[in-house]
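K.L.:
Please see the structure below; I have some questions.
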Amino acid sequence: MKNIHKISIYFVILIVLFITGGGLILGRIHVMTIAHERLIEEHHEIDQITAFLTRIDTLMGLLVQQQDRTEFSAPELSLIDKLAKDLEQIRGTSVRGEEFEESGHSLAESRRFVSLFERFQRFLTSVGQRPEGREELLDRLESLRQAGADLQAFYMREMGEAADHAQLIEVQVMHRIAVIGLVFLLLLCAAAVWFVYLINRSTLMLIEREKNLTIGLLAQSLSHEIRNPLSIIKSSTSVIRRKLPPDSEEYEITGYLRDEADRISNLVDQLLQLRAEERPQLAAENPAEIIGQVSQLVSGFAAKAGVAVSFKDEVGPQTVTCDRNQIKQVLINVIINAIEASDGTGVTIETQTSGRVYDILVSDRGMGMDPRTLREAYTPFFTTKENGSGLGLFVARKIMEGNGGGIAIKSAPGAGTTVTITLRKQPENSHGG
């Protein structure tokens, strides 16, 4: 359920980022669309002004060619009529005072254009009725032509600015698409790696559960199928052994039988312990006191092996939360392993603390572990000992996890081994019962 919750949160984050990024891109695309529309409008207005100036040039050419005439010809009147319509369209769609003011033109310049066009429009409405207005029309056309050229130059500048702005927006949009796409791609890659990690971890957990189930079923079977025959073997061996001379070969062989029967019995006990899912009885305990008791318990085994076990309490009195008996079991297992691996060089037990953590370090200076052995150390039934069961560290890790702590191994060939047992310290404002 926790993994599903994490995956849901991750997908929500991806969706939010995708929507946010898409919104930013769409926003810039909208601005780019507006910029392109402005560019098209500027181009259309330039076309209008260009056509208007062309019509003025055509009309002025006719007026100059027929300057001796007192009346306007039909082509001239037609051009004047079209010129009036063009002027009305330009004035109505482009030459508005507020547009010039927004575009950077002064209000006076805006009014000059508007006033000039309005006067020329009024003049055009009466010029056809006054033949003597030919010279005046030429003068006004020249002024209007100059004003149109100024307006054309203004629109050319506006179109250049609009083109630059549109190009800038396009670059920003492409840059934003690239950045958001890269971020989204990286997030997808991270999600893929994370999902692979979750799948691998879930697979390992499933394998671990299957191992535990197999061990549990095996333990249940062994408890019924092996214990009774084993008890008969042990008792029968003891009876035979009592009847044999102590110095006979048969007496020695029956001793081997008894020892192996005891080893099988211990193995069954460990398997049954794995099957029993007993909740730890957590309480406030003094870890130094537990270590001292365990040191006394293993002293005989250590003396027989010729190994000195020293305990250095560097942190003073502390209080941890644990199941006393279970932690003693873990310590006994770890210390005996260290004694067996030390080759007579000694075993050191040290303590250290940091924050809410209390660590017990059991170190030996033996041969150490190679990478494969270190990797398989917690695997059930994996052992490098001739008479080992391969369950000690597996059980120890299970116990430590149940006590809210942990166990870690640091080792290298020829450098010895250090096993760190981690316990949770009791909060200062808590009182154990």
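Laboratory data are not the source of any read-out in this text; all were calculated from the coordinates shown. If you're wondering where the values come from, they're calculated on a predicted model, not measured in any experiment. Please note: Cβ atoms are built from the backbone with ideal geometry, for glycine as well, and neighbour counts cover all protein chains shown.
K.L.:
Provide Asp313, Asp364, Asp247 in ascending order of the number of other Cβ atoms located within 10 Å of each residue's Cβ, fewest first.
P.N.:
Fewest-to-most ranking of Asp313, Asp364, Asp247: Asp247, Asp313, Asp364.
K.L.:
Suppose we keep just the alpha-carbon trace of region 226-275; what are its Rg and Dmax in angstrom?
P.N.:
Just the Cα atoms of region 226-275 yield Rg and Dmax of 12.6, 42 Å.
K.L.:
Could you please rank Tyr256, Tyr251, placing first whichever residue has the fewest other Cβ atoms within 10 Å of its Cβ?
P.N.:
Taking fewest neighbouring Cβ atoms as first place, the list is Tyr256, Tyr251.
K.L.:
Okay, moving on. Based on alpha-carbon centroids, what's the gap between region 293-309 and region 150-188 in Å, whole number please?
P.N.:
A separation of 80 Å, based on Cα centres.
K.L.:
I need the fraction of alpha carbon pairs in region 283-425 separated by more than 25 Å, rounded to a whole percent.
P.N.:
Values: 2222 of 10153 pairs.
The proportion of pairs with Cα distances above 25 Å equals 22 percent.
K.L.:
Distance cut-off 23 Å, Cα to Cα: go down the list Lys211/Lys398; Lys328/Lys398; Lys243/Lys385; Lys304/Lys425 and report the pairs above it.
P.N.:
Numbers: Lys211/Lys398 13 Å; Lys328/Lys398 14 Å; Lys243/Lys385 33 Å; Lys304/Lys425 35 Å.
Cα-Cα > 23 Å for Lys243/Lys385; Lys304/Lys425; rest within.
K.L.:
Would you list Leu393, Leu257 from fewest to most Cβ contacts within 10 Å?
P.N.:
With the fewest neighbours first, Leu393, Leu257 line up as Leu257, Leu393.
K.L.:
Let me ask you something else. Tell me whether region 356-420 comes out rounded, prolate or oblate; compute the Cα gyration tensor, take square roots of the eigenvalues as a ≥ b ≥ c, and use a/c under 1.5 as the rounded threshold. Write out the running numbers ahead of the final one.
P.N.:
Details: a/c = 2.23, a/b = 1.21, b/c = 1.84.
Taking the square roots of the gyration eigenvalues as a ≥ b ≥ c, region 356-420 is oblate.
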